Each structure stands twice: as C-alpha cells, then as structure tokens.
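The block underneath contains the structure these notes are about, expressed in structure tokens.
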Amino acid sequence: MYKVAILISGTGSNMESVLNYESVNKDKFKVTKVIANKEAKGIDIAKSKGYEAFVLNKKELGQEKYDELLFNSLDDVDIIVLAGYLAILDKKLVEKFSGRIINIHPSLLPKFGGKGMYGLNVHKAVVDAKEEFSGCTVHLVDEGVDTGEILIQKQVRVLKNDTAESLQKRILKNEHIAIVEGLEILIDRMEN
Ligand code: GRF
C-alpha cells in the first residue's frame, strides 16, 4: 500500500479527485497528507474529509526553511502528487523521489509549458495561438519545469468561441480524470 502526499497551492479540485478515487479504491494507495505552500482552500477541503493537511507558508518561512520542512514532512511517503502546486520543488527532494513525483499540467506538453505557464496563462496562450486542440498532461517531475516523462494526456478540442475561461473549465474536468489515471500508471510501474 503506497503512501501518497498531495501538494497544492489553491482550490484543490485535482486533489479532491484523488481523494474521491481513493475513497472507492482503498487497495492501492493511501493519501497520508496534504501540504500547501500557502493558505489554500484545498487544505480546508482535505481537513473536512479527515486528512492530515497543513500549510508550510513559503513566503513566511523563506525558501531554505520551507525546503527543509517540506523535505522532512515528506520523509514517510512513497509518492508525491503535485495537484495545482505552483512552487518549484527543491532539487534534493526531486532527486530523492526521482520517478515517484507526478504533476498535472493544463496543456498538451511540451506545448505551452515551462516558466510562467500556469493557470489561466496557459489557456490564454492557447486561445491566442488559435490552437485546434489543447488538453492536459500528467508527467513525472524532473529537475526541469514541466519537462519530465509524460504518463498520460487528454486532448480537448478548442472551440471557435472559446475564451481562456471556457477552455479552462472543460480541460479541468479532464484533469480530474487524468490525474487519477496518471497515479495508477505510476503505481503499476512501481509494482512491476
Ligand atoms: C489546474 O488547472 C492544474 O492543472 C494547474 O493548476 C490548476 C489547479 O487546479 N496546475 P486545482 O487547485 O487542482 O483545482
């Protein structure tokens, strides 16, 4: 039974999707903690569902103290899921959990990924570029930004009258499925 930590920075809808899936699939993994790098609605949601959930406030702690506390807080887990987590992980953590950290990104990587490409910025860029398709990607986290091996992608057609907001809404629904499927793919790999 793999122990999973979920890192968030905001609403936590992707985190919620993993928690909901776990509640009906108790045999593969157990989410043992949810950590946010700043005050986040997702922390309240996780707590209300009975999970250990807390904030390590990066701004208040400073980068070094934050990295140290985060590293120690993740000492007893097997897998890390970044679900709308907007900070960059310390190199030491990425090395320790090499091949065992997944991230969900709201585009078809490698397109529209990298520094500054998060949240609505991604969908704005896709709409401005008049892309026919967009979607989401679950990938392994390496030392780059949005550059690790891709585990699964879900394609979403960009409609003529799409705004960044309308596209974001449709893609988010697909993210909720992709994040769980990506976690399952990782677990299957770790089991075999
Ligand atoms: C999602 O679009 C995710 O792809 C991106 O940030 C957003 C977070 O959504 N990284 P939520 O906090 O999971 O609702």
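Taken over the stretch 50-87, the criterion of being within 30 Å of D128 (Cα to Cα) and either away from the ligand (no atom under 16 Å from the Cβ) or of a type in the set (F, W, Y) (or both) is satisfied by Y85 alone. Residues in the stretch 54-69: is at least one within 15 Å of the chain's Cα centre (by Cα) and under 20 Å from G119 (Cβ atoms)? Taking every residue of the stretch 54-69 in turn, none turns out to be within 15 Å of the chain's Cα centre (by Cα) and under 20 Å from G119 (Cβ atoms). Taking L167 as the residue in question, decide whether it is closer than 23 Å to K96 by Cα, touching a strand residue (DSSP E or B) at 6+ places or on another chain (Cβ under 8 Å) and among the hydrophobic types (A, V, I, L, M, F, W, C). For L167, the condition - closer than 23 Å to K96 by Cα, touching a strand residue (DSSP E or B) at 6+ places or on another chain (Cβ under 8 Å) and among the hydrophobic types (A, V, I, L, M, F, W, C) - is not met. Does the stretch 126-134 contain any residue that is in a strand (DSSP E or B), within 12 Å of the ligand (Cβ to nearest atom) and more than 17 Å from the chain's Cα centre (by Cα)? Scanning the stretch 126-134 turns up at least one residue that is in a strand (DSSP E or B), within 12 Å of the ligand (Cβ to nearest atom) and more than 17 Å from the chain's Cα centre (by Cα).
Taken over the stretch 1-26, the residue count meeting the criterion of being more than 8 Å from the ligand (Cβ to nearest atom) and outside any helix (DSSP H, G or I) is 9.
If you go through the stretch 88-122 and keep only what is surrounded by fewer than 16 Cβ atoms within 10 Å (Cβ to Cβ), within 11 Å of the ligand (Cβ to nearest atom) and in a loop (DSSP other than H, G, I, E, B), you end up with just G119. The sole residue among K49, K38 that is in contact with a strand residue (DSSP E or B) (Cβ under 9 Å, 6 or more places away or on another chain), surrounded by 13 or more Cβ atoms within 10 Å (Cβ to Cβ) and modelled with pLDDT of 95 or more is K38. Residue-level check: of (1) out of contact with any strand residue (DSSP E or B) (no Cβ under 7 Å at 6 or more places or on another chain); (2) of a type outside the set (A, V, I, L, M); (3) surrounded by 14 or more Cβ atoms within 10 Å (Cβ to Cβ); (4) over 21 Å from M15 (Cβ atoms), S134 misses just (1).
Selection within the stretch 157-182: residues that are closer than 21 Å to M15 by Cβ and of a type in the set (A, V, I, L, M). The member of this set that is surrounded by the most Cβ atoms within 10 Å (Cβ to Cβ) is I179.
The values are calculated or read from the model by the stated rules, or taken from the named source; none is laboratory data. Bear in mind that the values here come from a model prediction, so they are computed numbers and not experimental data. All Cβ positions, glycine included, derive from the backbone under ideal geometry; neighbour counts span all protein chains shown.
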